[in-house]
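The block underneath contains the structure these notes are about, expressed in structure tokens.
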Amino acid sequence: MSAFPKAVASGWFPIASVKQLGAKPLARRLMDVPVAIFDSATGPAVLVDRCPHRNMALSRGAVHGGEIECPYHGWRFNGDGACTLTPGADAPARHAAQKLPSVVRAGMIWTTLAKSPNTEPFLPAPLEAEGFDTFLWPVKASEARLVDAIENLLDPAHPHFLHAGIVRARNVRRPVEVTVRVRPTFAEAVYIENARASALMPRLLEGLRVSSIGRFFPPSTGQIAFEGKDGLKLAITVFFTPESETSVRPFAHFATPKGAAPAFIKEALLRAFHIPVLAQDRAALKQQTDDIARFGAPKYALGPLDFLLPAITALAAGETPEPSERTEIVHL
């Protein structure tokens, strides 16, 4: 039985960006399965990271003419996993490396361990939409459980403390109307703020913030969006790839409406703003993971601002929650 929730175990996940491919294969893990990614003659390919000859990691080899070469005996494999060359023999060996399904979407290479996967990974708007400046940020893997990493992104309560002065001001709170919607295929919390952000960088980037939104799409996609009076100002969509039970590799996609500001300036500002935020989140998630191990299991109390955690847990487990909606006032 898989240690991962049902929807996660059967889902599609990004494991690398297309721009990361080069002369050396990439080594990654997906739910404890080592994989090797390389640019084959037919496009990006994903193989289980094991040469069938002597179990050597293919990712330690090289790429030649769109084929991956094992560093031990030089066997070569194409994008379908078929052996194309066995040095010293007249014909290649009949043994094949195990191929995984792969597809390229939004600049990312996606794969799945499912025996009968969905046709395509799901990408929420505004990905692949016109009218946006975008960039992809493959983030360094974090020590974290998958659900904890997703909830960290969508949690409205911790920025006042963990990211004080960067995301939210520690001692400034305003009444905010929040509407929580749960549907069979997603969950969201919409915060009506109608105020300028209290921390410096959001004030510079956004101006008046009408609303902020946190969304979850199974199996492991989180999105935060900020809207002004003229519509969407910024959407950050993060695809969380589970490397193991305690390691997650995020892929963050940033989208801002095209406008007067050049895309490279917006990207530079957003990266500078998020570098300390990412470092703080990584440290907190690692400490959380260490403490869970120290006490033997996660023991969580559900707080009044933990709006999306129950839905994240249910949807990741492959459950179909009953549609629900509620509105209340909180202070953020």
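Each reported figure results from applying straightforward, stated rules to the coordinates on display, with no laboratory input. Keep in mind it's a predicted model, so treat the numbers as computed, not measured. No Cβ is skipped: glycine too gets one built from the backbone with ideal geometry, and neighbour counts run over all protein chains shown.
For Lys299 paired with Lys115, estimate the spin-label separation in nm (one decimal), with each label point 7 Å from Cα along the Cα-to-Cβ line.
3.9
Once the convex hull of the C-alpha atoms of segment 71-161 is built, how many Å³ does it hold per residue, rounded to a whole number? Numbers along the way, then the final one.
On the way: hull volume 19.1 nm³, N = 91.
Hull volume over Cα atoms, normalised by residue count, gives 210 Å³.
Can you give the % of DSSP beta bridges in segment 96-189 that are antiparallel, to the nearest 5?
Numbers: 8 of 9 bridges.
Counting only bridges with both partners in segment 96-189, antiparallel ones make up about 90 percent.
Please say if segment 44-108 is rounded, prolate or oblate, where rounded means a/c under 1.5 for a ≥ b ≥ c the square roots of the C-alpha gyration tensor eigenvalues, and otherwise the choice is prolate for a/b larger than b/c and oblate otherwise?
Prolate shape, in that a/c is at least 1.5 and a/b is the bigger ratio.
Checking the cross-link filter: which aspartates and glutamates have an alpha carbon closer than 14 Å to that of Lys229, excluding same-chain neighbours under 8 positions apart?
Glu193, Glu206
Going by a ≥ b ≥ c, the root eigenvalues of the Cα gyration tensor, does segment 221-303 fall in the rounded group (a/c under 1.5), the prolate group (a/b larger than b/c) or the oblate group?
On the way: a/c = 2.73, a/b = 2.24, b/c = 1.22.
Prolate, since a/c reaches 1.5 and a/b exceeds b/c.
Any chance you could run the full-extension gain for Ala283 through Glu325? It's 0.36 nm times the residue separation minus the Cα-Cα distance, nm to one decimal. Can you show the working numbers first?
Details: separation 42, 0.36 × 42 = 15.12 nm, distance 3.37 nm.
Fully extending the segment from Ala283 to Glu325 adds 11.7 nm.
Which length gain, in nm to one decimal place, applies between Val139 and Ala169 when the Cα-Cα distance is subtracted from 0.36 nm times their residue separation?
Values: separation 30, 0.36 × 30 = 10.80 nm, distance 2.55 nm.
Extending this stretch completely gives an extra 8.2 nm.
I need the per residue convex hull volume for segment 112-205, using only the alpha carbons, in cubic angstrom as a whole number.
Hull volume over Cα atoms, normalised by residue count, gives 181 Å³.
Send over the Kirkwood Rh of segment 1-87, from the inverse of the averaged 1/r over different Cα pairs, rounded to one decimal Å.
By the Kirkwood definition, the hydrodynamic radius is 13.4 Å.
Excluding the sites themselves, what is the longest stretch of the chain that contains no GluC sites (Glu not before Pro) in a DSSP loop with at most 15 other C-beta atoms within 10 Å?
Values: sites that count: Glu128, Glu130, Glu245, Glu319.
For GluC sites (Glu not before Pro) (loop position, at most 15 other Cβ atoms within 10 Å), the longest site-free span of the chain is 1-127.
Apply the Debye scattering formula to segment 260-332, with a single equal point scatterer on each alpha-carbon and no solvent, then give log10 I(q)/I(0) at q = 0.23 Å⁻¹.
Normalising to I(0) and taking log10 leaves -1.08.
Scan around Gly165 for amide H atoms under 5 Å from its own, H built in the peptide plane at 1.01 Å from N, and keep only partners 5 or more places away or cross-chain.
Under 5 Å from the amide H of Gly165 lie the amide H atoms of Arg170, each far enough along the sequence or on another chain.
Anything over 31 Å Cα to Cα? Flag those among Lys99/Lys299; Lys258/Lys286; Lys115/Lys140; Lys19/Lys115; Lys6/Lys266; Lys6/Lys99, in the order listed. Spell out each step's value before the answer.
Working: Lys99/Lys299 39 Å; Lys258/Lys286 36 Å; Lys115/Lys140 28 Å; Lys19/Lys115 28 Å; Lys6/Lys266 38 Å; Lys6/Lys99 22 Å.
From Lys99/Lys299; Lys258/Lys286; Lys115/Lys140; Lys19/Lys115; Lys6/Lys266; Lys6/Lys99, over 31 Å: Lys99/Lys299; Lys258/Lys286; Lys6/Lys266.
Using the Cα atoms of segment 182-332, I'd like the radius of gyration and the largest Cα-Cα distance, Dmax, both in angstrom.
My reading of the Cα-based Rg and Dmax gives 17.1, 53 Å.
Specify the residue with the greatest mean-square fluctuation among Asp148, Asp49, Asp32, computed from a Gaussian network of the chain linking alpha-carbon atoms under 10 Å apart.
So, out of Asp148, Asp49, Asp32, the one fluctuating most is Asp32.
Scan around Glu243 for amide H atoms under 5 Å from its own, H built in the peptide plane at 1.01 Å from N, and keep only partners 5 or more places away or cross-chain.
The answer is Met31, Val248, Arg249.
Where the convex hull is taken over the Cα atoms of segment 12-57, what is its projected area averaged over directions, in nm²? Provide the component values of the computation, followed by the final result.
Values: hull surface 15.0 nm².
Over every viewing direction, the Cα hull of segment 12-57 projects on average to 3.7 nm².
Along the Cα→Cβ direction, 7 angstrom out, place labels at Asp230 and Gln98. What is the inter-label distance in nm?
My value for the distance between the label points is 5.2 nm.
Stretched out fully, how many nm does the piece from Lys24 to Ala7 gain, at 0.36 nm a residue minus the Cα gap?
Values: separation 17, 0.36 × 17 = 6.12 nm, distance 3.20 nm.
Between Lys24 and Ala7, full extension yields an extra 2.9 nm.
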